[in-house]
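Input: a single structure, listed below in structure tokens.
The values are calculated or read from the model by the stated rules, or taken from the named source; none is laboratory data. Only a predicted model underlies this, so the values are computations on that prediction, with no experimental measurement involved. Note: ideal-geometry Cβ built from the backbone for every residue, glycine included; neighbour counts use all protein chains shown. These area figures cover heavy atoms from the full protein model, side chains too; ligands, DNA and RNA do not enter into them. Shrake-Rupley method; radii C 1.70, N 1.55, O 1.52, S 1.80 Å.
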Amino acid sequence: MSWTPFVDGQFVQSSGGLINAALIMGRDGTVWGNTASWPVTAQEAKTLAGQVANPTTIPAQGITLGGQKYMGLLADEENFQGFANAVKQGVSGVILGSCIIVGKFGEPHKNPNAYSFMKKVADALVEQGTLQ
């Protein structure tokens with residue numbers, strides 16, 4: 001299965017403009033698929049996987065994806081959120097048993113809205129058996 005069209009369809013196109021790019025990756029840091037306009041590197045994904053394994057590091061270290069550093073706002077075993085004031089963009093991630101899903105958004109949208117959308121879609125995909 002190619003995950004990039006899946007990511008673009010499930011998280012970007014269906015968001016009604018809330019999410020402008022998305023990423024799905026394994027808990028080991030392997031990128032499964034991401035929006036072409038958001039070039040997340042293998043090293044950035046591996047670093048994020050390490051941070052997700054110890055979420056208390058995210059607020060202190062921030063999150064770097066697609067060459068942009070986001071200030072870590074919140075992180076726990078189920079989600080993380082970050083924002084970059086300079087570019088008025090943020091990231092919101094949902095942590096599942098097998099993978100990590102991240103959505104990128106820009107102003108005027110806010111992290112709680114992005115997280116709610118990402119979580120709703122992730123929950124539906126888990127219920128369908130597509131993800132775990």
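Things worth noting here:
- For residue 104, the stated conditions do not hold, so it cannot be described as of a type in the set (D, E, K, R), surrounded by fewer than 19 Cβ atoms within 10 Å (Cβ to Cβ) and at pLDDT 95 or above.
- Hey, residue 120 loosely packed, with under 13 Cβ neighbours inside 10 Å and without any contact (Cβ under 8 Å) to a residue 12 or more places away in the chain or not: yes
- Odd one out for residue 24, checked against (1) closer than 18 Å to residue 112 by Cα; (2) part of a strand (DSSP E or B); (3) touching a helix residue (DSSP H, G or I) at 6+ places or on another chain (Cβ under 6 Å); (4) of a type in the set (A, V, I, L, M): (1)
- Test result for residue 11, closer than 20 Å to residue 132 by Cβ and either in contact with a Leu (Cβ under 9 Å, 6 or more places away or on another chain) or touching a residue at least 24 places away in the same chain (Cβ under 8 Å) (or both): yes
- Considering only residues in the stretch 4-21 that are among the aliphatic types (A, V, I, L, M) and within 17 Å of residue 110 (Cβ to Cβ), the one that is surrounded by the most Cβ atoms within 10 Å (Cβ to Cβ) turns out to be 19.
- Looking across the stretch 46-72, the residues that are buried (at least 16 other Cβ atoms within 10 Å of the Cβ) and touching a residue at least 24 places away in the same chain (Cβ under 8 Å) come down to 48, 49, 51, 52, 55, 58, 63, 65, 66.
- So residue 36, is it in contact with a helix residue (DSSP H, G or I) (Cβ under 8 Å, 6 or more places away or on another chain), hydrophobic (A, V, I, L, M, F, W, C) and either outside any strand (DSSP E or B) or touching a residue at least 60 places away in the same chain (Cβ under 8 Å) (or both): yes
- Selected residue (only one of 36, 75 is among the small types (Gly, Ala, Ser) and surrounded by fewer than 21 Cβ atoms within 10 Å (Cβ to Cβ)): 36
- Lone unmet requirement of (1) over 14 Å from the mean Cα position of the chain (by Cα); (2) open to solvent by less than 30 Å² (accessible area, probe 1.4 Å); (3) within 25 Å of residue 3 (Cα to Cα) for residue 43: (2)
- Where residue 83 falls short, out of the listed (1) open to solvent by 10 Å² or more (accessible area, probe 1.4 Å); (2) in a helix (DSSP H, G or I); (3) farther than 24 Å from residue 130 by Cα; (4) not charged (D, E, K, R): (2)
- Filtered residues of the stretch 86-132 (kept if in a loop (DSSP other than H, G, I, E, B) and either over 16 Å from residue 45 (Cα atoms) or of a type in the set (D, E, K, R) (or both)): 86, 87, 88, 97, 107, 108, 109, 110, 129, 130, 131, 132
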